[in-house]
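All of the numbers you see were taken from the coordinates with simple rules; none came from a lab. Values in this document were obtained by computation on a predicted structure and should not be read as measured data. Cβ: placed from backbone, ideal geometry, glycine included. Neighbour counts: every protein chain shown.
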Amino acid sequence: MRFRKLSTGKIDYNMRIFALYGILYETALNFYKPFSVKFLERIGGSELEIALINALPGLVTLIAILPGALWLRRSEDTQLTTARLILFGRWFLFAMAFIPFLPPQYRAFGFLALFTLMCIPDAIYQTSYQSFIGVLFEPRARANAIGMRNKLTVPALTAVTLLSGNILTLVPKTDEQRLFIYQIFFGLAFFFGVMEYKAFKKFKVAKKDAGFARSSGREPLKPQVIKILSNKQFRFFALCSLGFHFGWHMGWPLFNIYMIKTLGANELWLAVISVASAITMFFGYSFWSRQIEKRGNSFVLPICTFGMALTPLMYAWSPNLYILLPTALISGFFTAGTLSVTLGALLEATPQDNRVMYIAVYNVLINLSLATAPMLGHYFFELKGIVFALYMTGLFRFLGTLLFFYRDRRIAKEKLGVCG
């Protein structure tokens, strides 16, 4: 299905709304996400529960994505449906504010349960959002729009993270006061989530269902998945991405364990490290956006993932939090590139027709990694300690980078063959 092109004025308007939406999204996210593991620890969470907070969302998302995508295809107003998914997910943040009222022995479980269940609407939203962006901006403008949105969100991310980190560290005198501040932050995250919902509804599209191949009947799921996986371009990209994401996800609980348990980071240090990463992300988004426009997604992707493969090694070589700061700077630069290029490469590898189902299948594969990789990282941690686990994470990331490099060489050869 083809859709009318938006006028230049509407594209500029949508870019502004896209940036505003990104700022509100990051503001809501950074009132709780950088400190969620520390909050879990303060209410009695163990190392296993820290690993589970990374793994369980992936498992739940695996179950939710494909049924959610089929439901999205029957939606009469996909933009409004996506906005409502945003709002539904933010209600879980509101509920998290009441966790400290639970008996101490149930707090960690309650927070873990809410955090995991929140991933159901978030997973369906991510599938819908990624497909929506595919038609909101044409391929030529897409990298610029994503880069501009990501760059403009960095000041909001920096301000919120520094403010919240300082408040959590300097203001409370007791654990009860600190938990009360966490409750306020969950409430603020919910408030900005509501603003995020309102901003998303302001996008102007040529048709309400742009980007979604609607289905009035109930098409069997299995034939759709088989057809999607038979698309060689999509299948090759998805497998390469799965390989890298496995190493990426392995490191998530390990970095928190290393910073909090090994180096003794408090909320202020977590904020400082997050801001250090955000500073280079701010400059990185512009740099990588230009490289994507000049050289293409397939060329830039292995370079960015190679930089991210260095991160766990640099963590392992950091004996204290002061040495860890340069690692955060380097990591932020390459993470900005990876975040910018991955979405563009995914949209490039998926046809517009039935794109929402392609993205759903892709997200199932990625969340299969998210559900298992953190637990493998935890296994290596239990086996031989945190440094060994970080080295293994780096190895898996390097293997994923090699897959993307091989993909780029293969695409380059195919282009030469066509030209020849």
Point to revise | Ranked Leu114, Leu40, Leu221, criterion: other C-beta atoms within 10 Å, fewest first | key: Leu221, Leu114, Leu40
Practice item. Please work out the FRET efficiency for the pair Leu399 and Leu365, using the Cβ-Cβ distance as r and a Förster radius of 22 Å; give the result to the nearest 0.05. Key: 0.85
Revision key, fill the gap. Once Asp175 and Ile323 are pulled to full extension, the length gained, defined as 0.36 nm per residue separation minus their Cα-Cα distance, is 50.4 nm
Check your understanding: Taking the Cβ of Tyr285 as the center, what net charge do the other residues with Cβ under 11 Å away carry, scoring Lys and Arg +1 and Asp and Glu -1?
Key -> +3
Review point. Based on the mean of other beta carbon atoms within 10 Å per residue, what is the order of 182-190, 166-174, most packed first?
Key: 182-190, 166-174
Review point. Which FRET efficiency value, to the nearest 0.05, is calculated for Ala95 and Leu221 with the Förster distance at 25 angstrom and r the Cβ-Cβ distance?
Key: 0.20
**Study point:** Karplus 3J(HN,Hα) series, Hz, for segment 368-375 with 6.51 cos²θ - 1.76 cosθ + 1.60 (x for Gly, Pro)
**Key:** 4, 5, 4, 6, 10, 4, x, 6
Study note, to complete from the structure: In Å, the C-alpha Rg and Dmax of segment 354-400 are 14.1, 46
Study note, to complete from the structure: Here segment 299-310 yields Karplus 3J(HN,Hα) values (6.51, -1.76, 1.60; θ = phi - 60°; whole Hz; Gly and Pro given as x) of 6, 6, 4, x, 5, 5, 5, 4, x, 6, 5, 6
**Study point:** Structure-derived percent of Cα pairs over 38 Å apart: which label, when the choices are (1) 71; (2) 44; (3) 17
**Key:** (3)
**Study point:** segment 2-133 - Kirkwood radius from inverse mean 1/r over Cα pairs (Å)
**Key:** 16.7
Exercise for review: Quick one: of Lys33/Lys227; Lys198/Lys227; Lys38/Lys173; Lys33/Lys201; Lys227/Lys294; Lys151/Lys198, which pairs are farther than 26 Å apart, Cα to Cα?
Suggested key: Lys33/Lys227; Lys198/Lys227; Lys227/Lys294
Check your understanding: Sorted from fewest to most neighbouring beta carbons within 10 Å, what does the list Ser131, Ser298 look like?
Key -> Ser298, Ser131
**Study point:** Residue-count net charge about Pro155 - beta-carbon cut-off 13 Å; Lys, Arg +1, Asp, Glu -1
**Key:** +1
Review point. Using alpha carbons only, what's the Rg to Rh ratio of segment 296-420 with Rh from Kirkwood?
Key: 1.04
**Study point:** Gap separating the Cα centres of segment 342-407 and segment 30-61, nearest whole Å
**Key:** 19
Revision key, fill the gap. For Lys204, the aspartates and glutamates lying under 15 Å Cα to Cα, once residues fewer than eight places off in the same chain are dropped, come out as Asp12, Asp77, Glu138
